[in-house]
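I have placed the structure first, in the form of structure tokens, so that the comments after it can refer back to it.
The values are calculated or read from the model by the stated rules, or taken from the named source; none is laboratory data. A quick note: this is a predicted structure, and the numbers were derived from the prediction, not measured. Cβ coordinates were reconstructed from backbone atoms using ideal geometry, including for glycine residues, and neighbour counts include every protein chain displayed.
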Amino acid sequence: MTIATDDHRRGRRERRLPACPSRRRVRPGRDLPLLAQLVAEVLAGQRSPRQLRPCLSESAYRSLLLRAGCYTMRQRPRLRMVVLDGPEPGVAEVSGVVAYGERHRALALRVVYAEYRWVCTHIETDVR
């Protein structure tokens, strides 16, 4: 256990923080759209799939390798809309619309919170 000190108007108070390998807060509203943007950049050929390897399961990584660069373009893809859904605790489904220049394409990710991080287990696009 770690002890943290808070300053309050009435004086100092100590509180115990549980020991945790990752002190980073879990923020699905910020983390998951960022992951969708990074996957969109891999699909556009502007980012290496290897950079996302720690965030992907083996099957999702193979799927991304097959689709990497399928939407090749000069401009950076932009995530236009994101919808987060949590069908069960620790599981999130991320749906988004990505603008690749003039075209807009759908992107869907299934993400599981495991080992103090989000891991993408499934990727869906309009490319098979």
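Applying the condition of being of a type in the set (G, A, S) and either more than 18 Å from L34 (Cβ to Cβ) or touching a Pro at 6+ places or on another chain (Cβ under 7 Å) (or both) to segment 75-94 and asking which residue is surrounded by the most Cβ atoms within 10 Å (Cβ to Cβ) yields A92.
Any residue that is touching an Asp or Glu at 6+ places or on another chain (Cβ under 9 Å), over 16 Å from V42 (Cα atoms), surrounded by 12 or more Cβ atoms within 10 Å (Cβ to Cβ) and in contact (Cβ under 8 Å) with a residue 60 or more places away in the chain - is there at least one of those in segment 95-112? Within segment 95-112, one or more residues are touching an Asp or Glu at 6+ places or on another chain (Cβ under 9 Å), over 16 Å from V42 (Cα atoms), surrounded by 12 or more Cβ atoms within 10 Å (Cβ to Cβ) and in contact (Cβ under 8 Å) with a residue 60 or more places away in the chain. Look through T121, T72 and report the one residue that is more than 22 Å from P28 (Cβ to Cβ) and either loosely packed, with under 12 Cβ neighbours inside 10 Å or under 12 Å from the mean Cα position of the chain (by Cα) (or both). Residue meeting the stated conditions: T72.
Out of R110, R62, R50, one residue alone is in a helix (DSSP H, G or I), modelled with pLDDT of 95 or more, within 21 Å of D31 (Cα to Cα) and among the basic types (K, R). It is R50. If you go through segment 15-39 and keep only what is in a loop (DSSP other than H, G, I, E, B), modelled with pLDDT of 70 or more and not charged (D, E, K, R), you end up with just V26.
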